[in-house]
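Below is one structure, written out as structure tokens; the observations come after it.
The values are calculated or read from the model by the stated rules, or taken from the named source; none is laboratory data. Remember, it's a predicted structure, so these values are computed and weren't measured experimentally. Note that each Cβ is placed from the backbone with ideal geometry, even for glycine, and that neighbours are counted across all protein chains shown.
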Amino acid sequence: MTAAAYPTLFRRHAGNPILHAGMWPYPAHTVFNPGATLLPDGTTLLLCRVEDRRGHSHLCAARSANGLDGWVVDPQPTLVADPEHFPEELWGIEDPRITFVPELGSYAVAYTAYSRSGPGVALAMTQDFRSFERYGLIMQPDDKDAAVLPHRVDGSFAMLHRPIADSGAHIWISFSPDLRNWGHHKLLLPARRGAWWDANKIGLSPPLIETAAGWLMLYHGVRHTASGALYRVGAALLDLAQPDHCLRRGDGWIFGPEAPYERVGDVPNVVFPGGVTVAPDGDTLRLYYGAADACVGVATGSIAEILAWLDEHGRVW
């Protein structure tokens with residue numbers, strides 16, 4: 001008799017890890033936690049977090065024609081901290097999420113700016129990933145794991161993010177008329193309590209994925225164990241017209257650290273997705289993630305399969 005198995009919703013690329021510090025054209029300690037987007041010519045661009053030996057991070061772009069190999073890395077950092085003009089970036093910039101905003105014809109890059117007061121959410125706009133218009137800090141510390149939605153909601157831009165408060169680390173949604181001034185903050189998805197895989201601390205993974213059924217949200221949950229934190233990924237579905245309303249939330253996690261490069265690294269037992277692309281078929285996902293805070297992996301999934309899993313294993317939240 002064969003033992004029953006959990007469904008496999010994400011399948012790792014056999015060539016993982018696809019990016020690591022040894023592939024960089026300048027000295028780097030680790031490369032991980034990329035944002036991702038498909039450029040108009042079909043090229044996959046990953047905007048990777050690159051950490052140096054000081055422990056400070058910057059962002060660097062890598063491009064691939066097929067999104068799996070043949071990566072061409074920018075010869076110099078693509079976006080570096082600028083503490084002279086943006087003091088909130090004193091200790092580096094980290095963990096970007098990329099959203100193309102059709103109304104503006106630009107990509108919104110939400111990233112973490114690290115200051116003496118802790119991590120906060122900063123935003124930069126770009127059309128070519130060569131030059132950037134920085135908006136500076138848009139969410140005060142302690143806040144991170146942010147991404148902008150591609151379309152306005154009832155006339156306002158919307159952004160998911162993860163502030164930390166006395167109640168814990170939960171996912172919130174906020175609204176803005178201009179991407180600079182944010183308000184109407186609302187708790188969207190709370191971390192659970194107790195023995196759950198996503199108890200006490202959660203955060204958005206890649207930007208929301210637009211589907212006919214609603215906004216598919218992949219998020220990370222942190223479980224604190226005797227040997228340290230364990231980062232895994234779950235799924236929820238938000239209302240398409242009202243993304244501040246969660247329709248379903250899965251009880252279990254669907255992707256977690258299993259491969260050696262996810263188990264061993266600067267921070268063991270971590271998969272941390274920050275980027276996703278959708279293939280022309282409208283269903284196939286490529287999930288780009290940081291593995292053990294040391295390298296970059298990619299896994300392939302199906303929107304239809306994840307939505308079916310949510311129907312079976314999720315609950316109204």
Failed condition for Ala236, given (1) in contact with an Asp or Glu (Cβ under 9 Å, 6 or more places away or on another chain); (2) crowded, with 20+ Cβ neighbours inside 10 Å, with all others met? (1)
Conditions first: (1) touching a helix residue (DSSP H, G or I) at 6+ places or on another chain (Cβ under 6 Å); (2) not in a loop (DSSP other than H, G, I, E, B). Pro17 passes all but one, so which condition is the exception? (2)
Which condition does Leu218 not pass, out of (1) in a loop (DSSP other than H, G, I, E, B); (2) touching a residue at least 60 places away in the same chain (Cβ under 8 Å), if it passes all the others? (1)
Of all residues in the stretch 227-237, how many are within 13 Å of Arg249 (Cα to Cα) and basic (Lys, Arg)? 0
Which numbered condition trips up Arg116, out of (1) touching a residue at least 24 places away in the same chain (Cβ under 8 Å); (2) under 20 Å from Pro34 (Cα atoms); (3) surrounded by fewer than 18 Cβ atoms within 10 Å (Cβ to Cβ)? (2)
Any idea which of Arg162, Arg97 is crowded, with 18+ Cβ neighbours inside 10 Å, within 15 Å of the chain's Cα centre (by Cα), within 21 Å of His58 (Cβ to Cβ) and of a type in the set (Lys, Arg)? Arg97
Spans of strands (runs of 3 or more DSSP E) in the stretch 233-317 with at least 1 residues among the hydrophobic types (A, V, I, L, M, F, W, C), modelled with pLDDT of 95 or more and over 19 Å from Met217 (Cβ atoms): 284-291, 295-302
Please state which one of Gly15, Gly55, Gly22 is under 30 Å from Glu88 (Cβ atoms) and over 18 Å from the mean Cα position of the chain (by Cα). Gly55
Looking only at the stretch 167-226, and only at residues there that are more than 20 Å from Ile254 (Cβ to Cβ) and polar (S, T, N, Q), the one that is surrounded by the most Cβ atoms within 10 Å (Cβ to Cβ): Ser174
Taking interchain pairs and intrachain pairs at least six residues apart, which have beta carbon atoms under 6 angstrom, with the first residue in the stretch 17-45 and touching a residue at least 24 places away in the same chain (Cβ under 8 Å) and closer than 11 Å to Thr277 by Cβ and the second in a loop (DSSP other than H, G, I, E, B) and not hydroxyl-bearing (Ser, Thr, Tyr)? Thr44/Gly67; Leu45/Leu39
Residue by residue through the stretch 119-155, note down the ones that are free of Cβ contacts under 8 Å to residues at least 60 places away in the same chain, of a type in the set (A, V, I, L, M, F, W, C) and within 27 Å of Arg54 (Cβ to Cβ). Val121, Ala122, Leu123, Ala124, Phe132, Leu137, Ile138, Met139, Ala146
Here the residues within the stretch 20-37 that are surrounded by 12 or more Cβ atoms within 10 Å (Cβ to Cβ) and assigned to a loop (DSSP other than H, G, I, E, B) are Trp24, Tyr26, Ala28, His29
Which one of Ile164, Ile138, Ile173 is touching a Pro at 6+ places or on another chain (Cβ under 8 Å) and of a type outside the set (D, E, K, R)? Ile173
Candidate set: the stretch 64-84, residues that are within 26 Å of Met159 (Cα to Cα) and either of a type in the set (D, E, K, R) or touching a strand residue (DSSP E or B) at 6+ places or on another chain (Cβ under 8 Å) (or both); chosen: the one surrounded by the fewest Cβ atoms within 10 Å (Cβ to Cβ): Asp82
Report, by residue number, each residue of the stretch 286-305 that is surrounded by fewer than 23 Cβ atoms within 10 Å (Cβ to Cβ) and closer than 21 Å to Leu160 by Cβ. Arg286, Gly301, Ile303
